[in-house]
Amino acid sequence: MASWPPFQIRPSIGGAGNKVKSILSFFRLLIVLTIFLVGGVALWGYFTLQSALDQPLQVEQVQNLDVPSGSSPARIFSRLEQDGILHSSEWLRRYWQWQKPDAVLQVGEYVMEPGMTAQDLLQRLANAEVLQRSVTLVEGWTFKQVRDQLSRAERLQQTLDPDWSMEKVMDELDLKGVHAEGQFFPDTYQYTFGMSDRDILLRAYERMQRVLEEAWASRAENLPIKTPYEALILASIIERETGVPHERDEIAGVFTRRLQIGMRLQTDPTVIYGMGDDYEGRIRLRHLREPTAYNTYTIDGLPPTPIAMPGREALIAAVTPKKGSSLYFVAKGDGSHVFSNSLQEHNQAVRRFQIEQRAADYRSSPAPAAQIEEAE
């Protein structure tokens with residue numbers, strides 16, 4: 001009996017191929033659409049970010065942006081948006097995180113000017129272009145004048161109570177036992193938002209110690225002053241005695257020779273300092289006779305502390321005095337002095353420049369007692 005071959009079902013190759021092609025086409029289309037979609041979103045994001053960066057700041061005049069300690073870029077941008085100065089703060093925050101991940105937001109004031117863009121501001125923030133202010137401490141000022149100046153400094157944080165004593169202030173500066181007078185170097189000091197009066201004083205103190213150390217290292221031989229602090233005291237008197245730079249070493253020479261021979265300094269600025277708030281612009285005979293710790297008409301040698309802030313030139317003069325023989329000098333009334341070798345010459349200069357002309361606010365080292373106007 002003949003046998004038939006078994007019945008076999010063969011797959012339709014053409015139908016399956018069409019399905020595969022359809023699936024591949026769908027995925028291709030999906031990929032293309034995804035690319036277009038992602039590209040569109042990226043393009044939109046780019047233009048949105050660029051618009052946020054290029055936006056002009058809404059300020060009509062120069063305005064300062066305060067960045068206090070602990071601030072974050074997000075907080076700063078959000079505050080600016082709330083103040084209506086810019087928009088799209090979230091985009092600016094993301095841009096900062098993306099482009100400037102390592103940038104540190106420096107505490108300080110940042111200037112915002114009309115015409116600036118948000119990107120300009122971000123650049124200033126990233127570069128820490130903080131506003132620098134300055135305060136000047138002048139040669140010859142007392143510590144009281146220094147504190148008054150610091151109290152008036154614009155936007156300088158005040159941490160030292162104006163009613164505190166000199167000793168209390170030095171304690172707060174971790175300088176317990178150091179007398180404040182003369183210990184701060186006169187100069188112009190830069191500061192930024194967030195800095196305090198304490199910061200300025202510490203910088204000025206450290207600067208004075210360096211300058212004094214340098215001056216003392218260059219001192220002449222056989223000086224009657226034995227320590228850097230004595231040099232500081234003498235320099236403060238020199239600073240108060242003259243505003244004429246070329247006279248400082250000559251005045252230092254007079255004081256040095258007086259100290260060497262045991263002659264009293266008899267210098268009016270020490271009298272004025274010892275009078276404190278009682279000084280009313282003129283020295284009388286009774287003031288010269290009144291004993292105080294600083295009155296060099298009644299005490300031997302140097303006063304116990306400086307009487308003002310000396311500058312570098314006065315410090316150098318104190319340790320490198322000009323050689324000579326003069327022991328006296330008197331103010332001429334124009335800021336300069338006449339120097340004399342003898343008391344007779346000095347008395348003649350006093351009559352010429354102070355008794356006859358009344359040109360000076362106070363005499364200088366010293367005038368004979370008989371020629372000093374006695375208080376009524």
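Out of curiosity, is Val104 more than 21 Å from Leu202 (Cβ to Cβ) and open to solvent by 80 Å² or more (accessible area, probe 1.4 Å)?
In short, yes.
When you look at Thr320, is it over 16 Å from Pro245 (Cβ atoms) and in contact with an Asp or Glu (Cβ under 9 Å, 6 or more places away or on another chain), yes or no?
Criteria not met by Thr320.
Kindly indicate the residue of the stretch 129-147 that is within 15 Å of Ser236 (Cα to Cα) and surrounded by 18 or more Cβ atoms within 10 Å (Cβ to Cβ) and also nearest to the chain's Cα centre (by Cα) among those meeting that condition.
Ranking the candidates gives Leu137 first.
Going by the conditions given, is Glu167 in contact (Cβ under 8 Å) with a residue 24 or more places away in the chain, open to solvent by 70 Å² or more (accessible area, probe 1.4 Å), assigned by the TED database to the domain that holds Thr188 and not in a strand (DSSP E or B)?
So Glu167 fails the test.
Quick one: in the stretch 73-116, which of the residues that are hydroxyl-bearing (Ser, Thr, Tyr) and farther than 16 Å from Gly194 by Cα is farthest from the chain's Cα centre (by Cα)?
Going through the qualifying residues, I end up with Ser88.
For the stretch 315-335, which residues satisfy the criterion of being open to solvent by 20 Å² or more (accessible area, probe 1.4 Å) and among the hydroxyl-bearing types (Ser, Thr, Tyr)?
Thr320, Ser325, Tyr328
Quick one: which of Glu60, Glu81 is without any contact (Cβ under 8 Å) to a residue 12 or more places away in the chain, of a type in the set (Asp, Glu) and not in a strand (DSSP E or B)?
Glu81
Can we say Leu232 is under 30 Å from Gln157 (Cβ atoms), touching a residue at least 40 places away in the same chain (Cβ under 8 Å), open to solvent by less than 70 Å² (accessible area, probe 1.4 Å) and in the same structural domain as Thr305 (by the TED database)?
Spelling it out, Leu232 is indeed under 30 Å from Gln157 (Cβ atoms), touching a residue at least 40 places away in the same chain (Cβ under 8 Å), open to solvent by less than 70 Å² (accessible area, probe 1.4 Å) and in the same structural domain as Thr305 (by the TED database).
Just one of Arg219, Arg207 is at negative phi, open to solvent by 40 Å² or more (accessible area, probe 1.4 Å) and part of a loop (DSSP other than H, G, I, E, B); which is it?
Checking each option against the conditions leaves just Arg219.
How about the stretch 49-64: which of its residues are touching a strand residue (DSSP E or B) at 6+ places or on another chain (Cβ under 8 Å) and of a type in the set (A, V, I, L, M)?
Leu53, Leu57, Val59, Val62
The values are calculated or read from the model by the stated rules, or taken from the named source; none is laboratory data. Since we're looking at a predicted model, the values are computed, not measured. Reconstructed Cβ throughout: ideal geometry from the backbone, glycine too, with neighbour counts over all protein chains shown. With ligands, DNA and RNA removed, areas are computed over all heavy atoms of the protein, side chains included. Shrake-Rupley method; radii C 1.70, N 1.55, O 1.52, S 1.80 Å.
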